[in-house]
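Asks: Structure provided below as structure tokens; questions to follow.
FYI, it's all coordinate maths here, none of it is from the lab. Everything numeric here is computed off the predicted structure, so don't read it as measured data. Reconstructed Cβ throughout: ideal geometry from the backbone, glycine too, with neighbour counts over all protein chains shown.
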Amino acid sequence: LDWKRWVGPRSARPFNAHQFYNWRAYLDFGGGQITDLFTHWIDVVHWYMGDDLPISATAAGGVYNYNDGRDAPDTISILLEYPKKWSATFEATLVPGARGAAIEFMGEGGTLFIDRSGYKFTPAFKRGQPPAPAVEGKAAMALETEHVRNFISCLKSRKTPNSDVVSGHRSALASNLGKIAYLQKKRVTFDPNVEKNYVLS
């Protein structure tokens with residue numbers, strides 16, 4: 001391993017096997033769960049909501065559970081606000097036994113829970129009526145399989161894939177806005193019309 005090249009333009013440091021192997025746990029090389037797992041799930045949220053450029057972010061968290069030198073938070077909460085008057089909350093922890101990755105959409109009509117194995121829709125309670133039954137469904141195949149199939153098909157057909165470079169950019173933008181809010185310890189605003197972050201400007 002050429003450690004100097006691997007570290008790149010970041011500050012020089014002696015070789016650290018933990019930083020190499022667990023690069024996601026260090027803000028110099030990644031953003032922990034903020035720029036890793038969150039980026040994948042917020043892409044799905046953007047797709048469902050039809051609104052993919054947040055206007056603000058706030059974040060709180062820290063390294064609460066792992067005393068191994070990492071500086072990317074092992075516990076994090078991020079709140080994003082969007083122009084169409086809705087918000088997305090991302091919560092993650094590396095505590096053993098925590099529930100796996102999933103999305104919950106909560107609205108007037110009920111709650112839709114989605115994870116990699118399927119979904120469950122629970123209708124909202126309506127006063128004076130018996131509770132409506134939940135509707136559940138299982139994924140027909142591994143979601144990654146369909147995602148890769150679509151991508152390869154688009155390589156051949158030259159069509160735009162379901163998750164294209166623009167949606168990837170905007171998902172990464174949402175994650176990085178959350179990371180900036182975490183690092184700045186304050187609410188960060190963003191102008192989606194010019195894609196400008198006023199904290200960094």
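Asks: What FRET efficiency comes out for residue 68 versus residue 102 if R0 is 35 angstrom and r is the Cβ-Cβ distance? Round to the nearest 0.05. Write down the numbers at each step before the final one.
Replies: Working: r = 27 Å, r/R0 = 0.76.
So the FRET efficiency works out to roughly 0.85.
Asks: With the Cα gyration tensor of the chain giving a ≥ b ≥ c as the square roots of its eigenvalues, does the rule (a/c under 1.5 for rounded; else a/b larger than b/c for prolate; else oblate) give rounded, prolate or oblate?
Replies: Details: a/c = 1.59, a/b = 1.47, b/c = 1.08.
Prolate shape, in that a/c is at least 1.5 and a/b is the bigger ratio.
Asks: Student exercise: in the stretch 1-141, how many lysine pairs 8 or more apart or on different chains have Cα atoms under 28 Å apart? Walk me through the numbers before you get to the answer.
Replies: Details: 84/120; 84/126; 85/120; 85/126; 120/138; 126/138.
Going through the stretch 1-141 pair by pair, I get 6.
Asks: What lysines sit close enough to residue 156 to cross-link, taking a C-alpha to C-alpha distance under 18 Å and skipping anything fewer than 8 places away on the same chain?
Replies: none
Asks: Pairs of alpha-carbon atoms within less than 8 angstrom and 6+ residues apart define the contacts here; what relative contact order does the stretch 7-114 have, in percent?
Replies: Details: 134 pairs, mean separation 20.7, N = 108.
19 percent.
Asks: Then there's this: Rounded to the nearest 20 Debye, what is the dipole magnitude of the chain about its Cα centre when Lys and Arg each give +1 and Asp and Glu each give -1 at the C-beta?
Replies: Charge dipole, the chain, about its Cα centre: 180 debye, nearest 20.
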